[in-house]
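What follows is a short report on a single structure.
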Amino acid sequence: MFRALTLLTTAALAASPALAADPPKTLHKTVKVGDLDIFYREAGPKDAPAVLLLHGFPTSSQMFRNLIPQLADKYRVVAPDYPGYGHSSMPPRDTFAYTFDNLADVVEKFTETVGLTKYALYVQDYGAPVGYRLAVKHPERVTAIVVRNGNAYDEGLGNDFWKPIKAYWKEPTSKERRDALRKLLTYDATKWQYTHGVPRPELVSPDGAAHDQFLMDREGNKEVQLDLLLSYALRPGDQRRRDRRADAGLPRQAR
């Protein structure tokens, strides 16, 4: 009886077109970009049109773990972790300035290292200030931009969520303003990122939020996150202009 059932099941699986072909395999790799180890996920044919997936806060390329296989039958899909996120290097803040200008520089060099000469950008949340910088600097490389909850205008910052962040932007040296944002870095806040507005939160696996929080709870990582919340106020190139003014002995101009 057991042997007959096994043969019947095997025959049914073989006859099913949905199960006949192996799903695309996602590779998990690390590449050197300067002194940094940049982790990334990749799937799909090397010669297919490329899609560069840029993750948001407080997560990493793991947010795309289910999307990657769905795209990989037609596209070369590449999803890196930024410095300080996921499984990429987290250099000390005194050797690496955590600004979106710097993250974009690293991702730019990453694309060159892995051979992405042209790609569609898929940006979510923090992926927007990274991806938009790439598009402005190298428009000839970008074939399309897909935006998911990525701000391009001040109007996107008009809700209550941004009020304490904007207060920090106005007083960037204030410890009180900086500390007020630590509530955004808690496990409850991370779970909120996954379940807010979801009609049936019981369908959302808790694994993603737990993964993100585990990495954010590493020593020093919350300071990285607070640095980037401050950097969000700056348009492309603002930080470099401020640094040049400081090097020249001039006051740094606020936005």
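The values are calculated or read from the model by the stated rules, or taken from the named source; none is laboratory data. Values in this document were obtained by computation on a predicted structure and should not be read as measured data. Neighbour counts run over all protein chains shown; Cβ positions are idealised from the backbone, glycine included.
Structure values in brief
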quantity: Qualifying residue in the range 70-92 (condition: at pLDDT 95 or above, under 22 Å from Leu215 (Cβ atoms), within 13 Å of the chain's Cα centre (by Cα) and among the acidic types (Asp, Glu)); calculated: yes
quantity: Considering residues of the range 112-129 that are hydroxyl-bearing (Ser, Thr, Tyr) and either free of Cβ contacts under 8 Å to residues at least 24 places away in the same chain or surrounded by fewer than 21 Cβ atoms within 10 Å (Cβ to Cβ) (or both) only, the residue nearest to Ala48 (Cα to Cα); calculated: Thr117
quantity: Scope the range 185-210; condition in a loop (DSSP other than H, G, I, E, B) and among the aliphatic types (A, V, I, L, M); matching residues; calculated: Val198, Val204
quantity: Count - residues of the range 211-233 that are assigned to a helix (DSSP H, G or I), surrounded by fewer than 13 Cβ atoms within 10 Å (Cβ to Cβ) and among the small types (Gly, Ala, Ser); calculated: 0
quantity: In the range 138-161, the residues that are over 19 Å from the mean Cα position of the chain (by Cα) and either at pLDDT 95 or above or among the small types (Gly, Ala, Ser) (or both); calculated: His138, Pro139, Glu140, Arg141, Thr143, Gly158
quantity: Selection status of Lys25, surrounded by fewer than 18 Cβ atoms within 10 Å (Cβ to Cβ), not in a loop (DSSP other than H, G, I, E, B) and not polar (S, T, N, Q); calculated: no
quantity: Counted residues, the range 11-22 - those being in a loop (DSSP other than H, G, I, E, B) and either modelled with pLDDT of 95 or more or not acidic (Asp, Glu) (or both); calculated: 2
quantity: Condition check for Leu228: at pLDDT 60 or above, touching a Gly at 6+ places or on another chain (Cβ under 9 Å) and not small (Gly, Ala, Ser); calculated: yes
quantity: Residue within the range 130-141 that is in contact (Cβ under 8 Å) with a residue 24 or more places away in the chain and among the small types (Gly, Ala, Ser) present; calculated: yes
quantity: Those helices (runs of 4 or more DSSP H) lying entirely in the range 38-141 with at least 3 residues farther than 17 Å from Leu234 by Cβ; calculated: 67-71, 100-113
quantity: In the range 190-205, residue farthest from Tyr98 (Cα to Cα) [restricted to those that are surrounded by 12 or more Cβ atoms within 10 Å (Cβ to Cβ) and out of contact with any Phe, Trp or Tyr (no Cβ under 6 Å at 6 or more places or on another chain)]; calculated: Pro201
